[in-house]
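Everything on this sheet refers to the single structure shown next.
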Amino acid sequence: MTAAAEPIRILTGPMSVFGAKAVIAAHEKQLDFETVMVPFSLRDGYAPKPPEVLQGNPKGQIPVLLHDGLVLFDSTQIFEYLEDRWPRPSLWPSAPGARALARQAELLADEVLFPRVLALMGLRRSGADAKACGPAVMAIGEMQRDLDRRLAGRDWLAGPYGYADIATFCVLLMASALGADPGADPEAEMASLAAWRDRVAARPAVTRTVAP
């Protein structure tokens, strides 16, 4: 008799951009999983951290996915596992070139856009005024304008809807919460980006994750 597989658990937190990525992807895959929220406060950050986070991730960061004896950290690695383990519905393009561009778009969200948002977050938390925050907001705006140009005439960032859209949306949602919102600039006119953001936000998997 074969033993039942261990239930899927995703350890995340209420302010985790990368945790939200993993949870949205699991919802898009229509998986039955448990979301474990790590407590968060502005003073202490994510604390206390469950043993699975401290033992499963050398960085001690969320998200962490637990499934059938596996302990996985890093949202991109979780993406890849979900895609390999549950290939339908697919969230990467099927063609190698398109898939490479989608992975590159996800990397840009994580490694280029997010550090700019993180810098703005630090300024906001320190009580910096609008002038001090200006360069960080402008740096985020440059990437928003680039995304707007890339989205002109298309619905999604890289072929069909997928991981690139999820990753980019989550980072931009945090940017918006910090005041780096293209909608706040009447001269920005980023209509393509705004329409794309509305399309992503309307997806049930996204609504279930970010609305709380």
Notebook entry, point to check: Taking the C-alpha atoms of the chain, how large are the radius of gyration and the largest Cα-Cα span, Dmax, in Å?
Noted result: 17.7, 66
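Based on the Cβ-Cβ distance from residue 77 to residue 210, what FRET efficiency comes out when R0 is 30 Å, to the nearest 0.05?
After rounding to 0.05, the efficiency reads 0.85.
I need the peptides 144-155, 119-130, 52-63, 20-31 ranked by packing, meaning the mean over residues of other C-beta atoms within 10 angstrom, with the highest value on top.
20-31, 52-63, 144-155, 119-130
Compute, for the chain, the length of the dipole vector about the Cα centre, with Cβ point charges of +1 (Lys, Arg) and -1 (Asp, Glu) only. Units Debye, rounded to 20.
120 debye
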Next item on the list: Compute the Rg to Rh ratio over region 103-212 from the alpha carbon atoms, using the Kirkwood formula for Rh, and round to two decimal places.
Entry: 0.96
Check: Using only helices, what value at 222 nm comes out for the chain when you add -39,500 (n - 2.57) per DSSP H run of length 4 or more and divide by the total residues, to the nearest 500 deg cm²/dmol?
Finding: -16000 deg cm²/dmol
Item checked: Largest-first principal axis extents of the Cα set of region 88-130 (Å) -> 46, 19, 13
Notebook entry, point to check: Roughly what % of DSSP beta bridges within the chain run antiparallel, to the nearest 5?
Noted result: 65 percent
Checklist line | Cα Rg, Dmax (largest Cα-Cα span) when computed across region 96-154, Å | finding: 14.2, 46
Next item on the list: Against the globular-protein guess of 2.2 N^0.38 Å, express the Cα radius of gyration of region 10-106 as a ratio, rounded to two decimals.
Entry: 1.13
Note to self: Highest mean first, how do 164-174, 73-83, 199-209 rank when packing is the count of other Cβ atoms within 10 Å averaged over residues?
What the structure shows: 164-174, 73-83, 199-209
Item checked: Cα-centre dipole for region 105-212 with unit charges at Cβ (Lys and Arg positive, Asp and Glu negative), debye to 20 -> 240 debye
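Any read-out appearing in this document is the output of simple, stated calculations on the displayed coordinates, not a laboratory observation. What you see is a predicted model, and the numbers here were worked out from it, not measured in a lab. Every residue, glycine among them, receives a Cβ derived from its backbone with ideal geometry; neighbour counts consider all protein chains shown.
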